[in-house]
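Read through the structure below, which is laid out as structure tokens, and then see the notes.
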Amino acid sequence: MSEVSIPGKDEMETAYEVIKKLRVPSVPSVIVEVQKLLEEPNLRIDEITGHISQDAGLTGEVLKSARSPLYGLTEDVTTISHAVKVLGVKRLSEISITVALKAALDPMNEFHHKLWEESQVVATGCAWLASATGQVDRDEAYLAGLFSNIGCMLLSQTSIKYEILFEKARSYPLSSHKLEARLVNTNRSVVGFIIAQLWSLPLPVCSAIYHMHDASLSSANVGSLGPLIGAVRTATHYMEKIMLLNVTETSEFLKFHDAARDEIMLDQPTLDEFTEYMESLV
């Protein structure tokens, strides 16, 4: 990956001043350990399953998630070791992070629940696009989608006005990003980057979250992250088309999302398949 910018010192310090007053989802130690093990050249499956198995609540939720029709399994998953065999270590990590993040965000209000449900659909859509196009790492795409709304979920704690701004942002994804900074003195991209780093997500995922609202997806400002950002924007677009029928597709909205589809190089047959897949999720 070519080098891309990350938040500057002033941006980070300003964001920290805001989020230190908020309830921030802390990463469970088990997730930190699992992520460390996944980064090692020789995967130690026994250690990974051992760490997850130490947390009874996490184990139960992971097994429940692994049995979901979403993964298309034809056999019952009864143990973490079994889950590794049928899902693979990386997919198990993906489920574990999802379960742990949801637990860390609880209790959620109605707005948070809505964003969480949307994020899960976007994450799953991102994974489908990555597999279908071969342009993006599937695991990174899933995580970028899952954490795409995390900055919004935190910043909504600052003011009731934020929820109104967020809904406007659906139709005005670029200009509303600037209004956001005026309202809360930071923005979802920087806050999302910080939380993604806190959760030890891969650097491309953290950087993609930070660049998610760049006006351009050119290599000059996002390096090689364009397809990853494009996958998240595209999955978000189709989630909104299916789940939120009242989103106004302004010229800014269309420009924002058309560039994303171009970046991930979606042909019409693949786009049609993707639309059907997204419809099946809701």
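The values are calculated or read from the model by the stated rules, or taken from the named source; none is laboratory data. Bear in mind that the values here come from a model prediction, so they are computed numbers and not experimental data. As a convention, Cβ positions derive from the backbone with ideal geometry for all residues, glycine included, and neighbour counts pool all protein chains shown.
The number of residues in the range 146-163 being more than 18 Å from Leu198 (Cβ to Cβ) and either assigned to a helix (DSSP H, G or I) or free of Cβ contacts under 8 Å to residues at least 24 places away in the same chain (or both) comes to 4.
Scanning the range 1-35 for residues that are of a type in the set (Val, Ile, Thr) and surrounded by 16 or more Cβ atoms within 10 Å (Cβ to Cβ) gives Val4, Thr14, Val18, Ile19, Val24, Val27, Val30, Ile31, Val34.
Residues that are more than 13 Å from Ala215 (Cβ to Cβ) and in contact with a Ser or Thr (Cβ under 6 Å, 6 or more places away or on another chain) were ranked within the range 254-264; the one that is modelled with the highest pLDDT is Ile264. Of the numbered criteria (1) of a type in the set (Ser, Thr, Tyr); (2) at positive phi; (3) touching a Cys at 6+ places or on another chain (Cβ under 8 Å), the one Ser200 fails is (3). State whether one or more residues within the range 95-109 are closer than 26 Å to Ile209 by Cα, assigned to a loop (DSSP other than H, G, I, E, B) and at pLDDT below 85. Checked against the condition, which is being closer than 26 Å to Ile209 by Cα, assigned to a loop (DSSP other than H, G, I, E, B) and at pLDDT below 85, the range 95-109 yields no hits at all.
For every residue, the table says whether it meets (1) under 17 Å from Val122 (Cα atoms); (2) modelled with pLDDT under 90.
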{"position": "Val191", "(1), (2)": "no, no"}
{"position": "Ile195", "(1), (2)": "no, no"}
{"position": "Val222", "(1), (2)": "no, yes"}
{"position": "Thr250", "(1), (2)": "no, no"}
{"position": "Leu266", "(1), (2)": "yes, yes"}
{"position": "Pro269", "(1), (2)": "no, no"}
{"position": "Tyr277", "(1), (2)": "yes, no"}
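For Glu140, the conditions (1) of a type in the set (Asp, Glu); (2) closer than 24 Å to Phe274 by Cα; (3) not in a helix (DSSP H, G or I) all hold with the exception of (3). Being surrounded by 11 or more Cβ atoms within 10 Å (Cβ to Cβ), touching a helix residue (DSSP H, G or I) at 6+ places or on another chain (Cβ under 9 Å) and modelled with pLDDT of 85 or more is a property that does not hold for Leu38.
Just wondering, is there one or more residues in the range 167-179 that are assigned to a helix (DSSP H, G or I), more than 18 Å from Leu115 (Cα to Cα) and in contact with a Cys (Cβ under 9 Å, 6 or more places away or on another chain)? Within the range 167-179, not a single residue is assigned to a helix (DSSP H, G or I), more than 18 Å from Leu115 (Cα to Cα) and in contact with a Cys (Cβ under 9 Å, 6 or more places away or on another chain).
Residues of the range 254-282 that are without any contact (Cβ under 8 Å) to a residue 12 or more places away in the chain, exposed (fewer than 13 other Cβ atoms within 10 Å of the Cβ) and among the aliphatic types (A, V, I, L, M): Leu254 alone. Residues of the range 122-137 that are within 16 Å of Glu273 (Cβ to Cβ) and either in contact (Cβ under 8 Å) with a residue 60 or more places away in the chain or more than 13 Å from the chain's Cα centre (by Cα) (or both): Thr124, Gly125, Cys126, Trp128, Leu129, Ala130, Ser131, Ala132, Thr133, Gly134, Gln135. Gln197 meets each of the listed conditions (1) without any contact (Cβ under 8 Å) to a residue 40 or more places away in the chain; (2) buried (at least 24 other Cβ atoms within 10 Å of the Cβ) apart from (2). When restricted to residues that are under 21 Å from Met243 (Cα atoms) and either surrounded by fewer than 24 Cβ atoms within 10 Å (Cβ to Cβ) or not aromatic (Phe, Trp, Tyr) (or both), the range 97-150 contains 32.
I'd like to check something: does the range 164-175 contain any residue that is in contact (Cβ under 8 Å) with a residue 12 or more places away in the chain and β-branched (Val, Ile, Thr)? No, every residue in the range 164-175 fails to be in contact (Cβ under 8 Å) with a residue 12 or more places away in the chain and β-branched (Val, Ile, Thr).
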